[in-house]
Amino acid sequence: MQTPILILGAGPAGGAVALGLIRLGYQVVIIGQPRPFDAVEGISERVVEGLKGAGFKRALQAIREPSARNATWNGASNSANTERLINRRVLDAGIWQDLLEAGVSCIDARISKVQHTEAGVEVTVQYPDEGATQTLQGAFLVEARGRAAPSAGLKRFRGSETVSLLQYWQGPATPAQSAAVSFEDGWAWFAMTEQGKRYLQLTFDVATANLPPKAALGHFCTERLLQIPQAAPFMADAKPVGEPHARTSTPILCEEAVGDRWIRVGDAAMAVDPLSGNGIFQAMSSALQAPAVINTLLKSPQNAELAKQFHQSRVTALFYRFARIGRDFYRMEEQWQNRSFWHTRHHWPDDQPMHVATTFDQFEVKTMPVVQSGEIKAVDVVVTPDQPLGIWHLGGIELAPVVSAVKNRQPGESIQGAIARLKLEPPQERSILSWIRSLGSN
Ligand SMILES: Cc1cc2nc3c(=O)[nH]c(=O)nc-3n(C[C@H](O)[C@H](O)[C@H](O)COP(=O)(O)OP(=O)(O)OC[C@H]3O[C@@H](n4cnc5c(N)ncnc54)[C@H](O)[C@@H]3O)c2cc1C
């Protein structure tokens with residue numbers, strides 16, 4: 001019998017890796033426990049597409065129709081947008097159901113110890129009711145415990161320490177809606193659903209927010225919320241319920257996210273600032289590429305370095321991309337530039353622009369790792385200052401031969417002539433030509 005791959009954590013990332021590995025023919029055991037708190041999160045259409053693409057079905061039932069989203073930033077309000085609200089308990093229960101139906105062996109237990117061995121990995125789990133423990137053997141380990149994943153002594157890059165306080169309120173049933181608002185010392189996100197439950201989340205800088213002791217957090221949140229006019233509709237006829245839940249929301253990049261017999265995915269590999277509303281999207285991105293990386297590490301060890309480079313470079317690039325998007329969004333808020341929360345975030349992770357203007361002359365053909373037939377392979381791609389990981393295909397056309405043909409054309413030969421030699425279909429030829437011309441080459 002095949003030694004299984006062990007996945008720790010059954011959130012969107014762990015779940016997506018499990019489904020991908022099952023499709024590649026691996027035996028998979030996933031160990032996870034439900035989140036210990038209730039949360040509603042907002043997602044965009046691309047997360048819905050990502051979940052569909054990963055093969056989730058039951059999980060999709062947790063996703064509501066888009067609802068109104070109001071944003072107040074830098075003193076201006078905008079209510080043109082929508083987002084889809086999801087109850088995370090319902091989403092995660094749907095993911096669990098999908099995994100069972102796909103033939104993944106699912107263990108509802110707390111992971112208490114992880115040990116790497118010569119043969120792979122040993123994981124000790126503790127069952128919730130009986131308290132019994134069991135040790136499982138795996139050929140490979142996928143760490144997908146989200147922000148709860150231990151750092152395991154790995155090098156990590158952290159942004160300013162940030163905390164989000166989530167206070168629950170209950171009031172009469174209302175149409176679902178959400179709002180994002182900036183304030184002097186941070187930003188807030190509010191959501192309410194048809195059941196009248198409200199999720200009021202305040203995000204602060206840990207070092208400078210002067211947060212009170214745990215027992216006083218409820219009062220602190222209510223007082224702060226009363227000062228934010230946009231919170232009023234979410235508090236109307238409603239009362240706080242239970243204690244607020246504190247969630248760390250510091251951006252964290254794991255600079256070593258893969259080894260020969262293990263990989264980190266989702267928030268365990270990189271966790272972004274929730275301001276972007278892209279957490280689940282990012283978690284899915286690193287998870288969707290992981291099965292091919294694992295397959296390569298197990299089946300084609302000669303390509304191990306290539307596979308590791310592929311995973312780490314994508315995790316790192318995605319982290320910085322979203323960190324800079326977040327920075328630019330923080331910069332749009334100019335009312336409190338000298339307040340510590342805003343000042344720090346206007347300059348983190350750096351001052352590099354989000355996009356680098358690129359001309360065709362800067363394009364280079366390089367051999368880089370890509371996913372091909374479920375494995376990581378080295379192929380020729382086009383690298384630009386704005387796309388350092390390389391572009392393999394554009395609109396279904398392999399780009400490296402196009403760029404090579406244009407760059408190496410005969411003296412006096414036109415770009416059109418060089419492209420004609422590639423014998424593309426006429427519509428493809430036209431679209432490639434107009435793309436090259438849009439980059440300033442004639
Ligand atoms: C304050 C805040 C607000 C956010 N809002 C949004 C939003 O609006 N939209 C959005 O897209 N993203 C949002 N996110 C991000 C989103 O929650 C995460 O990016 C996403 O859930 C990561 O998925 P994951 O699978 O990597 O980890 P998780 O979803 O965290 O899954 C990890 C799983 O592992 C389990 N686990 C952990 N430790 C153990 C253990 N020892 N034993 C057993 N099981 C364990 C956990 O219970 C959990 O089920 C927010 C994050 C924060 C902090």
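The values are calculated or read from the model by the stated rules, or taken from the named source; none is laboratory data. Note that the coordinates shown come from a computational prediction; the quantities given were computed from them, not determined experimentally. Using ideal geometry, Cβ is built from the backbone for each residue, glycine included, and neighbour counts are taken over all protein chains shown.
To keep it simple, each residue is scored yes or no on (1) at pLDDT 95 or above; (2) in the same structural domain as residue 277 (by TED's automatic domain parsing); (3) in contact with a Ser or Thr (Cβ under 9 Å, 6 or more places away or on another chain).
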site	(1), (2), (3)
177	yes, no, yes
186	yes, no, yes
189	yes, no, yes
199	yes, no, yes
205	yes, no, yes
214	no, no, no
231	yes, no, no
Subset of the range 257-297, residues near the ligand (Cβ under 9 Å from one of its atoms), among the β-branched types (Val, Ile, Thr) and out of contact with any Ser or Thr (no Cβ under 7 Å at 6 or more places or on another chain), comes to 272, 280
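Just checking: which of the strands (runs of 3 or more DSSP E) contained wholly in the range 133-195 hold 1 or more residues that are surrounded by 15 or more Cβ atoms within 10 Å (Cβ to Cβ) and within 11 Å of the ligand (Cβ to nearest atom)?
On the way: elements: 133-138, 140-143, 156-158, 162-170, 177-183, 186-192.
The qualifying strands (runs of 3 or more DSSP E) are 140-143, 162-170, 177-183, 186-192.
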Does residue 100 qualify as being surrounded by fewer than 19 Cβ atoms within 10 Å (Cβ to Cβ), without any contact (Cβ under 8 Å) to a residue 24 or more places away in the chain, of a type outside the set (Phe, Trp, Tyr) and outside any loop (DSSP other than H, G, I, E, B)? yes
Review point. Does residue 323 satisfy being surrounded by fewer than 18 Cβ atoms within 10 Å (Cβ to Cβ), of a type in the set (A, V, I, L, M, F, W, C), touching a residue at least 24 places away in the same chain (Cβ under 8 Å) and within 27 Å of residue 156 (Cα to Cα)?
Key: no
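Out of 352, 372, 335, report the one residue that is of a type outside the set (Ser, Thr, Tyr) and in contact (Cβ under 8 Å) with a residue 40 or more places away in the chain.
Values: 352 fails: in contact (Cβ under 8 Å) with a residue 40 or more places away in the chain; 372 fails: in contact (Cβ under 8 Å) with a residue 40 or more places away in the chain.
Of the residues listed, the single one that is of a type outside the set (Ser, Thr, Tyr) and in contact (Cβ under 8 Å) with a residue 40 or more places away in the chain is 335.
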Within the range 22-48, residues modelled with pLDDT of 95 or more and exposed (fewer than 14 other Cβ atoms within 10 Å of the Cβ) come out as 23, 25
Expected single match for under 27 Å from the mean Cα position of the chain (by Cα) and of a type in the set (Val, Ile, Thr) among 359, 367 is 367
Test for residue 394: is it closer than 30 Å to residue 299 by Cα and at pLDDT below 95:
yes
request  = State whether one or more residues within the range 386-404 are charged (D, E, K, R), buried (at least 16 other Cβ atoms within 10 Å of the Cβ) and within 23 Å of the chain's Cα centre (by Cα).
outcome  = no
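Table: residues versus (1) in a loop (DSSP other than H, G, I, E, B); (2) in the same structural domain as residue 232 (by TED's automatic domain parsing); (3) away from the ligand (no atom under 12 Å from the Cβ).
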{"position": "31", "(1), (2), (3)": "no, no, no"}
{"position": "38", "(1), (2), (3)": "yes, no, yes"}
{"position": "49", "(1), (2), (3)": "no, no, yes"}
{"position": "112", "(1), (2), (3)": "no, no, no"}
Counting only residues in the range 76-89 that are surrounded by fewer than 17 Cβ atoms within 10 Å (Cβ to Cβ) and aliphatic (A, V, I, L, M), the one nearest to residue 346 (Cα to Cα) is identified as 76
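Could you go through the range 403-420 and let me know if any residue there is assigned to a strand (DSSP E or B) and over 30 Å from residue 162 (Cα atoms). Lay out the reasoning, then the answer.
Within the range 403-420, the subset assigned to a strand (DSSP E or B) is none.
Checking the range 403-420: not a single residue is assigned to a strand (DSSP E or B) and over 30 Å from residue 162 (Cα atoms).
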Of the candidates 288, 306, 275, the one satisfying the condition of being more than 29 Å from residue 24 (Cα to Cα), aliphatic (A, V, I, L, M) and assigned to a helix (DSSP H, G or I) is 275
Residue 102 fails exactly one of (1) under 24 Å from residue 4 (Cβ atoms); (2) of a type in the set (Gly, Ala, Ser); (3) within 11 Å of the ligand (Cβ to nearest atom), namely (3)
Somewhere in the range 7-21, is a residue more than 10 Å from the ligand (Cβ to nearest atom) and surrounded by fewer than 17 Cβ atoms within 10 Å (Cβ to Cβ)? no
From the option list 391, 415, 376, single residue qualifying as over 21 Å from residue 315 (Cβ atoms), out of contact with any Cys (no Cβ under 6 Å at 6 or more places or on another chain) and among the β-branched types (Val, Ile, Thr) is 415
If we keep only residues of the range 51-76 that are touching a residue at least 40 places away in the same chain (Cβ under 8 Å) and part of a strand (DSSP E or B), then the residue nearest to residue 103 (Cα to Cα) is 67
Picked from the range 51-75 (must be more than 12 Å from the ligand (Cβ to nearest atom), more than 22 Å from residue 9 (Cβ to Cβ) and among the charged types (D, E, K, R)), the residue surrounded by the fewest Cβ atoms within 10 Å (Cβ to Cβ) is 65
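Quick check on the range 320-334. Is at least one of its residues within 12 Å of the ligand (Cβ to nearest atom) and under 27 Å from residue 77 (Cα atoms)? Lay out the reasoning, then the answer.
Of the residues in the range 320-334, the ones within 12 Å of the ligand (Cβ to nearest atom) are 322.
Narrowing further to those that are under 27 Å from residue 77 (Cα atoms): 322.
So far as the range 320-334 goes, yes, one or more of its residues are within 12 Å of the ligand (Cβ to nearest atom) and under 27 Å from residue 77 (Cα atoms).
Condition check: buried (at least 24 other Cβ atoms within 10 Å of the Cβ) and either within 16 Å of the ligand (Cβ to nearest atom) or touching a residue at least 24 places away in the same chain (Cβ under 8 Å) (or both). Does residue 317 satisfy that?
no
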